[in-house]
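Visitor: If you scroll down you'll find the structure; I have some questions about it.
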Amino acid sequence: MNLIGKNKIADYILKHPQSRVVLLTFLKEFPYRQERYTAHGYVQVDGTYQMDGFDCLIKVRVNHFAKAIHILELTTKEEEMNKWEQKRKEQQATGIREEIINQSVTVVVTFPPPDIEDLYQLEQSNNKEVVANLFHPELKELAIGTADEYEQNLDLVNILFDAKPETPEFEELLTLLPQVIDYEEYKLEFPKLKIFEAVKNRIEFFSITPIELRYIIGTDHQVDLFFSGNLELADDVLGKLYEIVALRAPVTDKRFF
């Protein structure tokens, strides 16, 4: 599944710099988490991503036929509660109340139970494929369109996103999506993320102290150097650190760094 509408994340970071580490880490992990979910039979639905340890909600909608997840907006729990309260007051003032209908939908995915080793190999092969297609700086100049064209394409995608297969609207959507994806991958500007920032944010969420990572990083002095951005770890050491703090991205993926 391709995540589109990443400009909303870039804009949100500009307005809320304190969200930079959390949101860039989310973007970095996203394709690998999606591959893991797919391998386990998880079905993505319209909804909200909640950031661990940070009050930020990313609302999305999904088109499974187009293999796309569209970011609608970024908000906070407080903003959502304020919207709900405002809507409640408006309904009270007008005397009109919305009828809420609860509908339960069950999605059944049937497949033979995988062998654990086969599942591991599937995840690894999927991750390698993702890494291979994620970041090719040499292709940046080949990305389609200007900023204005990107905005226009994104506006059209927003209109056509719910289109179903075998319709002219769906065919147009399939034509537009690669242009949007390419622009966001190769031309959309994001601030930088330092490796130690992503790790520090995660250990704070898990209530791990930096000194507890000595057995991976080395001496107390090396731990201090790493978390001050003055020590670059070897990939094998970094891989162990990623595993401990549950950073779901391979060390070979250098996006945003």
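Visitor: If the cut-off is 16 Å between C-alpha atoms, which lysines fall inside it for residue 164, apart from same-chain ones fewer than 8 positions away?
Guide: 67
Visitor: Ordering 19, 207 from largest to smallest accessible area (1.4 angstrom probe), what's the sequence? Write out the running numbers ahead of the final one.
Guide: Values: 19 0, 207 100 Å².
Largest accessible area first, the list is 207, 19.
Visitor: Could you list the residues of the stretch 39-82 with an amide nitrogen less than 20 Å from a label point located 7 Å from the Cα of residue 166 in the Cα-to-C-beta direction?
Guide: Those under the cut-off are 63-67.
Visitor: Taking the Cβ of residue 249 as the center, what net charge do the other residues with Cβ under 12 Å away carry, scoring Lys and Arg +1 and Asp and Glu -1?
Guide: Values: positive: 28, 33, 36, 202, 248, 254, 255; negative: 29, 35, 243, 253.
Here the charged neighbours net out to +3.
Visitor: Which translational diffusion coefficient, to the nearest whole µm²/s, is obtained for the stretch 140-196 from the Stokes-Einstein equation, given a Kirkwood hydrodynamic radius over C-alpha pairs, 37 °C and 0.692 mPa s?
Guide: 263 µm²/s
Visitor: Between beta-carbons, use under 13 Å as the cut-off and find the net charge around residue 22, counting Lys and Arg +1, Asp and Glu -1.
Guide: Working: positive: 20, 28, 200, 202; negative: 29, 52, 55, 197, 204.
Here the charged neighbours net out to -1.
Visitor: Ordering 159, 217, 244 by accessible area with a probe of 1.4 Å, largest first, what comes out?
Guide: I get 159, 244, 217, largest accessible area first.
Visitor: In terms of Cα to Cα distance under 19 Å, which lysines are near enough to residue 200, apart from those fewer than 8 places away along the same chain?
Guide: 28, 192, 240, 254
Visitor: Follow-up. Heavy atoms of the protein only, probe of 1.4 Å, neighbouring chains included. What is the accessible area of residue 220 in Å², nearest 10?
Guide: Surface open to solvent at residue 220 totals about 70 Å².
Visitor: Viscosity 1.567 mPa s, temperature 4 °C: Stokes-Einstein D of the stretch 199-257 from its Kirkwood Cα radius, in µm² per second? It would help to have the intermediate numbers written out before the result.
Guide: Numbers: Rh = 11.8 Å.
Here the translational diffusion coefficient equals 110 µm²/s.
The values are calculated or read from the model by the stated rules, or taken from the named source; none is laboratory data. What you are looking at is a predicted structure, and each value in this text was computed from that prediction instead of being measured. Cβ coordinates were reconstructed from backbone atoms using ideal geometry, including for glycine residues, and neighbour counts include every protein chain displayed. Note: accessible area is taken over every heavy atom of the protein model, side chains too, but ligands, DNA and RNA are not part of it. Shrake-Rupley method; radii C 1.70, N 1.55, O 1.52, S 1.80 Å.
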